[in-house]
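**Student:** Please find one structure pasted underneath; my questions will follow.
The values are calculated or read from the model by the stated rules, or taken from the named source; none is laboratory data. Because the structure is a prediction, the values reported are computed rather than measured. Because the Cβ atoms are built from the backbone with ideal geometry, glycine has one as well, and the counts that use them run over all protein chains shown.
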Amino acid sequence: MKEQPKIDVGIVSRKELRFFLSSSFFEKNQQFSAGEYIATVEKNRISILTGSGEKFEGDSFLFISEKESFFELKNVTIGIGFHWEQDENQRFRGALKLIPE
């Protein structure tokens, strides 16, 4: 069986990133349950706020799922600078890596 290709997607120019996890994802030894999250960057560190109000901070985050799960990035601007520029939700399978830039 062929190995699936790895695709990296970059989201730039956002004050905050809202995302949804379809099932449990793990970041190091911490479990993040299915649900909505908000990520922000302050002083080059990422803060993640859960739907229940819990806050996590770090230099970067790598969310990995044990299942065939997906994550959805909310209101991603596509086609920047083109006549078809619009915001839409983008859904991906695999790992979600958050880094400040």
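**Student:** Quickly run through the stretch 32-63 and pick out the residues that are closer than 14 Å to L96 by Cβ, over 11 Å from the mean Cα position of the chain (by Cα) and either of a type in the set (K, R) or not in a loop (DSSP other than H, G, I, E, B) (or both).
**Tutor:** If the condition is that a residue be closer than 14 Å to L96 by Cβ, over 11 Å from the mean Cα position of the chain (by Cα) and either of a type in the set (K, R) or not in a loop (DSSP other than H, G, I, E, B) (or both), then F32, G35, I46, F56, G58 are the ones that fit.
Yes or no, residue by residue, for (1) surrounded by 14 or more Cβ atoms within 10 Å (Cβ to Cβ); (2) at pLDDT 90 or above; (3) in contact with a Lys or Arg (Cβ under 7 Å, 6 or more places away or on another chain):
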position	(1), (2), (3)
E3	no, no, no
V9	no, no, no
V12	no, no, no
R18	yes, yes, yes
Q30	no, yes, no
I38	yes, yes, yes
E42	no, no, no
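**Student:** Name the residues in the stretch 19-47 that are of a type in the set (A, V, I, L, M) and free of Cβ contacts under 8 Å to residues at least 40 places away in the same chain, would you?
**Tutor:** The answer is A34, I38.
**Student:** When residues of the stretch 76-101 are filtered for being among the polar types (S, T, N, Q) and modelled with pLDDT under 90, how many remain? Show your work before the answer.
**Tutor:** Narrowing the stretch 76-101 to residues among the polar types (S, T, N, Q): 77, 86, 89-90.
Now drop any that are not modelled with pLDDT under 90, which leaves 77.
Summing the residues that are among the polar types (S, T, N, Q) and modelled with pLDDT under 90 in the stretch 76-101 gives 1.
**Student:** Okay, moving on. Among residues belonging to the stretch 47-75 that are in contact with an Asp or Glu (Cβ under 9 Å, 6 or more places away or on another chain) and more than 13 Å from F20 (Cα to Cα), point out the one that is surrounded by the fewest Cβ atoms within 10 Å (Cβ to Cβ).
**Tutor:** Looking at the filtered set, the residue picked out is E57.
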